[in-house]
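Novice: One structure coming up, written as structure tokens, with questions to follow.
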Amino acid sequence: MSDLKIICDSLADVPENLVKRYDIEVIPLTIIINDIEYKDGQNLTNEEFYSLIKECDEIPKTSQATYIQFEEIFRKYLNQGKKILYISGSSKVTGTYQSAMITKNDLQGEIYIFDSLNLSYGCGAQVVTACEMNEEGKSIDEIIKKLEDIRDNILVLFAVDNLDYLKKGGRLSASKAAIGSMLSIKPILQMQDGFIVNIDQARGHKKVISKMISMVKKYIKDNIEDKRIGIAHGDNEIEFEKLKEVIENELDFNRIVETKIGPSIGSHTGAGTIGLCIWDK
């Protein structure tokens, strides 16, 4: 049995079956809806979250994982004689990474903190890769080197249905959001160096998926056998299934990892989000 404990936060959107499979400790962010605080995944499920935001006029807020949360979790595993690898959501858009760093500096023991510079399964893919390598008996140095390679080369794309969430979060100007809503224009966004960047737009869901697939084909070129893919959605089953169908028909991946965008990410993207990520095996 490995002496390395792998930890992530709720920004990673690791599927529940893989959380259980690899016994991943997920540190929850706080979600605030109608002035009520919830812990992502603990007293607020994905289904409950999307139901609540449909009934709520206000856009939800999030609060980073705290020093107290990290201290409790880190101490727990250090006291068990474990080394710790914590893989965080992007430090460029959340203070959670900094909370972990401060905690690490106050504790004795082997704690490794890795900034995924990503969100949702762009981070989750790195967490699961670390778990697979740990199970194979790879060293912490080998794991971190692989994570650096993935971080430097992963493609993460997503499109949102409701532009109000991006506008509220300062990711899109009010004028662009208003025009987009009137014209059914959907922004296509990409994670770049830890930030969310608006790289393109399309009118309607069908064109969004078509553009995203074109970007994927350009990215993978002829090396699909060396790549892995994950797809995600936030309470948008219909468009998610369409995206999955196009991928299965046009791209020859052996396996597609499917996940759902949880409250920590969904608070900033809304219910209609679809996304995908491609990374090296």
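Novice: Can you tell me which residue in region 15-40 is surrounded by the fewest Cβ atoms within 10 Å (Cβ to Cβ), limited to those that are within 12 Å of residue 265 (Cα to Cα) and within 14 Å of the chain's Cα centre (by Cα)?
Specialist: Result: 28.
Novice: In region 67-90, is there at least one residue being farther than 27 Å from residue 2 by Cβ and not in a helix (DSSP H, G or I)?
Specialist: No, every residue in region 67-90 fails to be farther than 27 Å from residue 2 by Cβ and not in a helix (DSSP H, G or I).
Novice: Next up: Which one of 91, 10 is within 16 Å of the chain's Cα centre (by Cα), at negative phi and surrounded by fewer than 21 Cβ atoms within 10 Å (Cβ to Cβ)?
Specialist: 91
Novice: Take the residues in region 41-58 that are surrounded by 17 or more Cβ atoms within 10 Å (Cβ to Cβ) and not in a helix (DSSP H, G or I); name whichever of them is nearest to the chain's Cα centre (by Cα).
Specialist: 41
Novice: Hey, another quick one. Can you report the number of residues in region 228-258 which are modelled with pLDDT under 95 and either assigned to a strand (DSSP E or B) or farther than 23 Å from residue 205 by Cα (or both)?
Specialist: Residues in region 228-258 being modelled with pLDDT under 95 and either assigned to a strand (DSSP E or B) or farther than 23 Å from residue 205 by Cα (or both): 2 in total.
The values are calculated or read from the model by the stated rules, or taken from the named source; none is laboratory data. A quick note: this is a predicted structure, and the numbers were derived from the prediction, not measured. Positions of Cβ are backbone-derived with ideal geometry, glycine not excepted, and every protein chain shown enters the neighbour counts.
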